[in-house]
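Worksheet for the structure shown next.
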Amino acid sequence: MPAGNPIRKRIVIIGGGFAGINAAMGLAKLPVDITLIDRKNHHTFQPLLYQVALAVLSPAEIAQPIRSIVRKYQNIEVLMDQAVGFDLDRRRVELETGALLEYDFLILATGSTHSYFGRDDWAKLAPGLKSIEDATEIRRRVLLAFEFAERQMQEAGTHPPLKFVIIGGGPTGVELAGAISDIARLYMASDFRHINPADAEVLILEGSPNILAAYPPDLRQKAAQQLAGLGVTIRTNAHVSDIQPGYVMIGDERIDSTVTLWAAGVQASPLGKLLGVPLDRRGCVIVDQFLNPPGHPEVYVCGDLAHVEENGIQIPGVAQPAMQMGTYAAKRISRLVARDFGSEGTGVNQPFHYFDKGDMATIGRKAAVANIKWPFHGRWSGFPAWIVWLFIHVFFLIGFRSRLAVFRQWAWTYLTFQDGARLITGSQELPGWDARYGMQDGSPIVHPAPPIEQTAGTAVTGT
Ligand SMILES: Cc1cc2nc3c(=O)[nH]c(=O)nc-3n(C[C@H](O)[C@H](O)[C@H](O)COP(=O)(O)OP(=O)(O)OC[C@H]3O[C@@H](n4cnc5c(N)ncnc54)[C@H](O)[C@@H]3O)c2cc1C
């Protein structure tokens, strides 16, 4: 489009995550037409997914319909659809429903997904945590394990040890481990009559020499101490070679596992590949300082999908950079649009710069580690770090109702150990386990399989 032609520009944003929503908000007040596409109807606040997975919060408290987020902006059209292809030369996006959308600017922000390092067959045995569906599946498995143990205890007077194995000791693995330990020791302590949920074992298997590899050594050490205080066992340099129903292998060593969870690998959304531009080894699109892939100044790639480097170091795939990239893309497009309307185009050549405010990870109900870089520098751990974590995460939740609801729910569960969203929904099967007799497939059955005559009144009886 030649400079000076004030025709309304069409902007297509793919992905309603942190980057996409921030880009849409940044563009909403301009005289442009925006189409925001997501395959889901909701934006998910992923940093709190583990709270849903471990039954402290309900899905609706950490997700919000995209339509309601952008409701007041008449120039934003929301489409629930999946992008499946691009024609960059003709500036078109192809959607799964067959529609072809034309654009003047494209913002691509479809995030990342789990990587099982080529062993996609492990996904069913060791779910990862990325979406609301993943979180409710993890919740189902964890709660079902306690139900099975209770039933076996009731009928046979014993049950195989409850063991939760988390593969990956990054922030997600650490948060999951702390939260499982908490629900076992605190929240469910008085829910069962026959088992002691606190006897459950939680084990983190980390392939590298340290958990929380991106954190400074002193915070890693504090995190390990806080996890030990919660009864979590950590094994580092532990390379998982196989996952089977009911157990995990590290070389020749077999580790029994009631529930196995995956927090070990991430790869970029497969959509990046369809652009036909250079990618890094995780499938992220390599972009320049303006977030454009080579040869396409009209395309912006933001968030987890983008490979952006500053001073030779890759910007991490976390929420802050994603939000800042979305905001940057909106600002740059608005400057380019303003130039078309006759302004001087001041700031058009300003590159993206990541403003790093720090990192934090929670460890259970009242501990965390925080490496804060803004508004002050400091390394915190324990309860003070957890309070900072709490306020930051509630503050960044989108939607006022959500913030209030989450805060109320947290305060209530925190003080009373009551309620929470401890619902088992969906299937009543657990890979490798038999609801009545314990572990299948040659795993140790610690009691003889009893004949079951009376099943009425038991909560979970298999499918
Ligand atoms: C369990 C977990 C905990 C985390 N904790 C933290 C934390 O504590 N702090 C932190 O800073 N970061 C955390 N992160 C990372 C952070 O959530 C991500 O970096 C951030 O969400 C990336 O934002 P994004 O906009 O790039 O992608 P996302 O937020 O993942 O959004 C991508 C969107 O694109 C949509 N989409 C994907 N493919 C298509 C398609 N083909 N067509 C249409 N739509 C599509 C998806 O439905 C999704 O809505 C966590 C992530 C996870 C999974």
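Quickly work out the Phe355-to-Asn237 label distance, labels modelled 7 Å from Cα along the C-beta direction, and quote it in nm with one decimal.
4.3 nm
If you find the alpha carbon centre of segment 161-208 and of segment 354-395, how far apart are they in angstrom?
Centre-to-centre distance over Cα atoms comes out at 22 Å.
Determine, at each q value in 0.13 (inverse angstroms), the log₁₀ of I(q)/I(0) that the Debye formula gives when each Cα of the chain is one equal point scatterer.
Taking Cα atoms of the chain as identical point scatterers yields -1.20.
Could you compute how fast segment 33-146 diffuses translationally, taking Rh as the Kirkwood radius over C-alpha pairs and applying Stokes-Einstein at 10 °C with viscosity 1.306 mPa s? Give it in µm² per second.
Values: Rh = 16.4 Å.
Calculated translational D: 97 µm²/s.
Output the Cα-based Rg and Dmax of segment 92-220 in Å, rounding Rg to one decimal and Dmax to a whole number.
Reported Rg and Dmax, both Å: 20.2, 68.
So how tilted is helix 171-182 from the main axis of the chain? Cα-based, degrees 0 to 90, rounded to 10.
Relative to the chain, helix 171-182 is tipped by roughly 40 degrees.
Once the Cβ-Cβ distance between Thr346 and Glu133 is put in as r, and R0 is 56 Å, what FRET efficiency do you end up with, to the nearest 0.05? Can you show the working numbers first?
Numbers: r = 45 Å, r/R0 = 0.81.
Working from the Cβ atoms, E equals 0.80.
Measure up Lys273/Lys331; Lys72/Lys331; Lys130/Lys373 against 24 Å on the Cα-Cα distance and list the ones that go over.
Pairs exceeding the cut-off: Lys273/Lys331; Lys130/Lys373.
Could you work out what % of the accessible surface of segment 173-255 is carbon and sulfur, using a 1.4 angstrom probe and leaving DNA, RNA and ligands out of the count?
Values: 1650 of 3530 Å².
The C+S portion of the solvent-accessible surface of segment 173-255 is 47 percent.
Quick check: pseudo-label points 7 Å beyond the Cα along Cα→Cβ at Met80 and Arg92, how many nm apart are they?
Distance between the two pseudo-spin positions: 2.7 nm.
Counting each pair of different Cα atoms once, what's the Kirkwood radius of segment 362-415 in Å, rounded to one decimal?
Details: mean 1/r = 0.0843 Å⁻¹.
Mean inverse Cα-Cα distance, inverted, gives 11.9 Å.
If the chain between Lys273 and Glu102 were fully stretched, how many nm would it gain, using 0.36 nm times the residue separation less the Cα-Cα distance? Please report the intermediate quantities before stating the final value.
On the way: separation 171, 0.36 × 171 = 61.56 nm, distance 1.97 nm.
Residue separation times 0.36 nm, minus the Cα-Cα distance, leaves 59.6 nm.
With N set to the residue count of segment 235-279, report its C-alpha Rg divided by 2.2 N^0.38 Å to two decimal places.
Working: Rg = 15.9 Å, N = 45, 2.2 N^0.38 = 9.3 Å.
Here the Cα radius of gyration is 1.70 times the empirical estimate.
How long is segment 317-436 along each principal axis, judged by its Cα atoms, biggest number first, in Å?
73, 39, 32
Calculate one ³J(HN,Hα) per residue across segment 136-148 by plugging θ = phi - 60° into the Karplus curve 6.51 cos²θ - 1.76 cosθ + 1.60, and present them in order as whole Hz with x for glycine and proline.
Each residue's phi maps through the Karplus curve to give 6, 5, 5, 4, 4, 5, 5, 5, 5, 4, 5, 4, 4 Hz.
About the Cα centre of the chain, what is the dipole size in debye to 20, counting +1 per Lys and Arg Cβ and -1 per Asp and Glu Cβ, all else neutral?
Working: 43 positive and 45 negative charges, 300 e Å.
Magnitude of the dipole: close to 1440 debye.
Can you give the extra length, in nm with one decimal, that the chain gains between Phe383 and Thr113 once fully stretched, where that is 0.36 nm per residue apart less the Cα-Cα distance? Please report the intermediate quantities before stating the final value.
Values: separation 270, 0.36 × 270 = 97.20 nm, distance 3.14 nm.
Length gained between Phe383 and Thr113: 94.1 nm.
Over segment 72-182, average the accessible area per residue using a 1.4 Å probe and give it in Å², no decimals.
Working: 4290 Å² over 111 residues.
Accessible area per residue, segment 72-182: 39 Å².
Which value in nm describes the separation of the simple spin-label points at Met249 and Phe192, placed 7 Å from the Cα toward the beta carbon?
3.0 nm
Report the semi-axes of the equivalent ellipsoid for segment 1-85 in whole Å, largest first, where each axis is √(5λ) for an eigenvalue λ of the Cα gyration tensor. Mind showing how you got there, number by number?
Working: eigenvalues 185, 31, 21 Å².
That gives 30, 12, 10 Å for the three semi-axes.
Could the peptides 58-65, 334-341, 14-21, 90-97 be put in order, highest first, of the mean number of other beta-carbon atoms found within 10 Å of their residues?
Numbers: 58-65: 20.4, 334-341: 17.1, 14-21: 28.2, 90-97: 15.0.
By packing density, highest mean first, the sequence is 14-21, 58-65, 334-341, 90-97.
Which three extents, in whole angstrom, do the alpha-carbon atoms of segment 244-343 cover along their principal axes, largest first?
Rounded to whole Å, the extents work out to 69, 26, 25 Å.
With unit charges on the beta carbons (Lys and Arg positive, Asp and Glu negative) and the dipole taken about the Cα centre of the chain, which residue among Ile7, Thr172, Leu88 sits farthest to the positive side?
The residue sitting farthest along the positive end of the dipole is Ile7.
The values are calculated or read from the model by the stated rules, or taken from the named source; none is laboratory data. Being a predicted model, the structure only gives us computed values, none of them experimental. Every residue, glycine as well, gets a Cβ built from its backbone with ideal geometry; the counts of neighbours run over all protein chains shown. These area figures cover heavy atoms from the full protein model, side chains too; ligands, DNA and RNA do not enter into them. Shrake-Rupley method; radii C 1.70, N 1.55, O 1.52, S 1.80 Å.
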